[in-house]
Amino acid sequence: MNLHAITLVQTSLEQVMQEGDTAVALFYSRLFTLDPELRALFIADASEHGRSFLTFLQQCVSGLSAPQTIIPAVKQAGRVHARHGIRPQHYHTFGQALFWTIAQIQGNAFTEEVAEAWTEAFYLLIGLMKEAAVKRET
């Protein structure tokens with residue numbers, strides 16, 4: 001990712017973090033609407049998962065400018081998700097829910113350029129998670 005795209009994602013996430021509880025509620029509502037079967041993977045309170053997710057997302061996004069600092073944690077998250085039943089196809093749905101949530105919070109500020117930056121960041125991180133999950137299974 002180039003520095004401009006990283007800055008767009010980081011700035012966008014700052015706004016999402018300011019709306020933490022709202023972002024979590026929007027995200028999980030959208031996720032479970034897109035794939036109701038995913039609800040079964042969240043035994044505990046979704047808001048608890050959501051706060052952990054936002055913290056993890058913030059750490060990942062903060063580390064985009066120095067990816068070597070976040071790769072171990074991202075790969076570990078992929079292995080953990082695999083143990084909890086998250087499959088590769090779930091990441092696509094997760095991305096849809098995330099991008100929709102960001103767009104809801106940012107409104108007109110969620111431009112095509114911001115969406116493209118988020119897409120690049122998301123698939124970079126998810127690629128690492130999937131890779132670690134596959135290596136765990138083999």
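Quick notes
- Leading residue by the ranking (farthest from GLN18 (Cα to Cα)) among those in region 33-87 that are assigned to a loop (DSSP other than H, G, I, E, B) and of a type in the set (Asp, Glu): ASP35
- Of residues in region 2-27 being without any contact (Cβ under 8 Å) to a residue 40 or more places away in the chain and closer than 12 Å to ALA97 by Cα, the one surrounded by the fewest Cβ atoms within 10 Å (Cβ to Cβ): ALA25
- Some residue of region 46-60 being surrounded by fewer than 16 Cβ atoms within 10 Å (Cβ to Cβ), touching a Gly at 6+ places or on another chain (Cβ under 9 Å) and within 28 Å of LYS135 (Cβ to Cβ): no
- Residue list for region 87-131, restricted to those being in contact (Cβ under 8 Å) with a residue 40 or more places away in the chain, hydroxyl-bearing (Ser, Thr, Tyr) and surrounded by fewer than 18 Cβ atoms within 10 Å (Cβ to Cβ): THR93
- Put simply, of THR22, THR11, THR101 the only residue that is over 18 Å from ALA117 (Cβ atoms), of a type outside the set (Lys, Arg) and assigned to a helix (DSSP H, G or I) is THR22.
Rule-based calculations on the coordinates, nothing more; no lab input. Note that the structure is predicted; figures quoted are calculated from it, not measured. Here the Cβ is made from the backbone with ideal geometry for all residues, glycine too, and neighbour counts use every protein chain on show.
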